[in-house]
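Visitor: Got a structure here, written out as C-alpha cells. Questions coming.
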Amino acid sequence: MYYIVDLQRDQSKLSRYISNTLLEKIQNTLENKKKTLVYINRRWEYNLLCCLDCGHLYKCKNCDITMSVHKNPEKLVCHMCWYTKDLDLRCEKCSWSNLQKVWVGTEQVEKLLKSHFKEAKIFRLDTDSIKTKVQKESVLQNILESDIIIGTKMITTGFDFADIALIAVILLEQEIGIPKYNIEEISYNNIKQLIGRWWRQWEDKEVVIQTFISSNDTIKSISEYNYKDFVTKTLEERKLFSYPPYKDFAVLESYDKNEAKSLEFCKILKNKLDYANEDKKIEITLGQKWFKKAWNYHHKIILKWENLRGFLEVIRYEVIKNPKLSLTFE
Ligand SMILES: [Zn+2]
Ligand SMILES: [Zn+2]
C-alpha cells in the first residue's frame, strides 16, 4: 500500500514532521518484527519556504532553483546565483498568509523516533558514516540488527535490505529543495530507486510519503509516480530558464580571502568572455559576493548558451592555472 500523507492534516504530538499515520505504521512494522526504512535527503540546515495554501515552494526568479531561508538577518537566498530576497508575509503566488518554513534533519528524526519507540533499535546512516570497506561492513551489521534505519540518499543505492516492510519519506519537499537546476529529475530517480525495488512485490509492503505541500505539481508527480506529467513540467521549466537539454550551462566560481581580489578576477574573466561573445547571445551573469564558512569570498559567473564548451576555450588557460577558480559544466 502506498500512502501520501499531507502533514497539514496529519501531525502527531511528537512532531509536526511525523504523522500519526507514520507512527502507526512503524508500530505495526515493529510488532511484525520487520524493518522500517526512513529516508531524508538533505543535510543542509536551511529551511525552505512554502505556502501551505497553494503548495508554492519559493524559487529563485533567475534560476528556478529552490531558495533557502538564512538567519541573521532572515532572508531567502538562492545558492546558484546568490540572489537574496526578504521573506514575504503573504505568498507570492496566491497572496494568502500561510507561509511556513520547513526543514528537518536525520539527527532530529532519529532523536524523535528514539524518544517514541524506546524499545526499538534505531540506526542512522548518512554520508559521514562510510568511508572505508570496514566501515561499510559495520554499517551492514548495524542495518541487520536494527528495526528502524534512518538515512540520506546513500540508502537508496548499494545496500540490499531484506525484511523491509515499510519505507517512509519524511519530507518530500526537502528532496526537491536541494539547489540544483536538475534536482527534480534527480529526486524522481532517487524516489524511484528507493521504492522501485519493492514495486513488483507490492502486496505486503507499505510506503508512506509525507509532505506539507501535497498540492505542489512536482511533489504530486513524484509522489504519484506520474512520469508523463513530471517530464512535461520539467522540460517546460528547463526551456523557460535555458537549462539543458535546451542550453548548455556552466558556472565559473572564484574565491579568495581578499574580497576585492576575488571580485576583480571575476570581472577580468567576464570582460574576456564578453569580448569573445561578440553577438551577445550568451547570458553571462556575475554573481553577488558570498561569505562562506571557510573565510573566503566567493564570486561566480553563470553562463548559458549552446556550445558553451567551444566558447569557454578562450578562458581555458585561466582555469587551468588558477587553483582558486573552478569550472562546473553541466
Ligand atoms: Zn538564482
Ligand atoms: Zn500560496
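The values are calculated or read from the model by the stated rules, or taken from the named source; none is laboratory data. For clarity, every value in this text was computed on a predicted model and none was experimentally measured. When we count neighbours, we look across all protein chains shown, and the Cβ atoms used for this are built from the backbone with ideal geometry, even at glycine. Accessible surface areas use protein heavy atoms only, side chains included; no ligands, DNA or RNA. Shrake-Rupley method; radii C 1.70, N 1.55, O 1.52, S 1.80 Å.
Visitor: Among E264, E259, which is the only one that is open to solvent by 80 Å² or more (accessible area, probe 1.4 Å), outside the structural domain of K180 (by TED's automatic domain parsing) and either under 30 Å from K321 (Cβ atoms) or in contact with a helix residue (DSSP H, G or I) (Cβ under 8 Å, 6 or more places away or on another chain) (or both)?
Guide: The conditions single out E264.
Visitor: Now for a different question. In region 91-104, how many residues are of a type in the set (A, V, I, L, M, F, W, C) and open to solvent by 80 Å² or more (accessible area, probe 1.4 Å)?
Guide: Selection size over region 91-104: 1.
Visitor: Another one. Would you point out the residue of region 35-76, among those that are among the polar types (S, T, N, Q) and part of a strand (DSSP E or B), that is farthest from ligand 2 (Cβ to nearest atom)?
Guide: So, considering only residues that are among the polar types (S, T, N, Q) and part of a strand (DSSP E or B), the one farthest from ligand 2 (Cβ to nearest atom) is T36.
Visitor: Based on what the data block shows, is D10 closer than 28 Å to G151 by Cβ, part of a loop (DSSP other than H, G, I, E, B) and more than 16 Å from ligand 1 (Cβ to nearest atom)?
Guide: yes
Visitor: Looking at N72 and the list (1) open to solvent by 40 Å² or more (accessible area, probe 1.4 Å); (2) at positive phi; (3) at pLDDT 90 or above, which single condition is not satisfied?
Guide: N72 satisfies all of (1) open to solvent by 40 Å² or more (accessible area, probe 1.4 Å); (2) at positive phi; (3) at pLDDT 90 or above except (3).
Visitor: Something else about it: Return yes or no: is D248 open to solvent by less than 90 Å² (accessible area, probe 1.4 Å) and charged (D, E, K, R)?
Guide: When the stated conditions are applied, D248 passes them.
Visitor: Quick one: would you say K93 is assigned to a loop (DSSP other than H, G, I, E, B), more than 20 Å from L7 (Cα to Cα), of a type in the set (K, R) and away from ligand 2 (no atom under 15 Å from the Cβ)?
Guide: So K93 fails the test.
Visitor: Within region 205-217, count every residue that is open to solvent by less than 10 Å² (accessible area, probe 1.4 Å) and either among the β-branched types (V, I, T) or out of contact with any Lys or Arg (no Cβ under 9 Å at 6 or more places or on another chain) (or both).
Guide: 6
Visitor: Further question on the same structure: Specify the residue that is most open to solvent (accessible area, probe 1.4 Å); the eligible residues are those in region 77-90 that are within 16 Å of ligand 2 (Cβ to nearest atom) and of a type in the set (A, V, I, L, M, F, W, C).
Guide: L89
Yes or no, residue by residue, for (1) within 30 Å of S242 (Cα to Cα); (2) within 16 Å of ligand 1 (Cβ to nearest atom); (3) touching a residue at least 12 places away in the same chain (Cβ under 8 Å); (4) among the charged types (D, E, K, R):
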site	(1), (2), (3), (4)
L49	yes, yes, yes, no
L52	yes, no, yes, no
S68	yes, yes, yes, no
E92	yes, yes, yes, yes
Q100	yes, no, yes, no
T106	no, no, yes, no
L113	no, no, yes, no
K118	no, no, no, yes
I130	no, no, yes, no
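Visitor: Next up: Checking the condition in a loop (DSSP other than H, G, I, E, B), away from ligand 2 (no atom under 16 Å from the Cβ) and either touching a helix residue (DSSP H, G or I) at 6+ places or on another chain (Cβ under 6 Å) or over 29 Å from C54 (Cα atoms) (or both), which residue from E119, E107 passes?
Guide: Checking each option against the conditions leaves just E119.
Visitor: Still on this structure: Please enumerate the residues belonging to region 105-139 that are within 26 Å of E45 (Cβ to Cβ) and open to solvent by 100 Å² or more (accessible area, probe 1.4 Å).
Guide: Listed by number, the residues that qualify are E107, K111, K131.
Visitor: Looking at the structure I just gave you, is N98 among the polar types (S, T, N, Q), touching an Asp or Glu at 6+ places or on another chain (Cβ under 6 Å), at pLDDT 90 or above and farther than 23 Å from A165 by Cα?
Guide: yes
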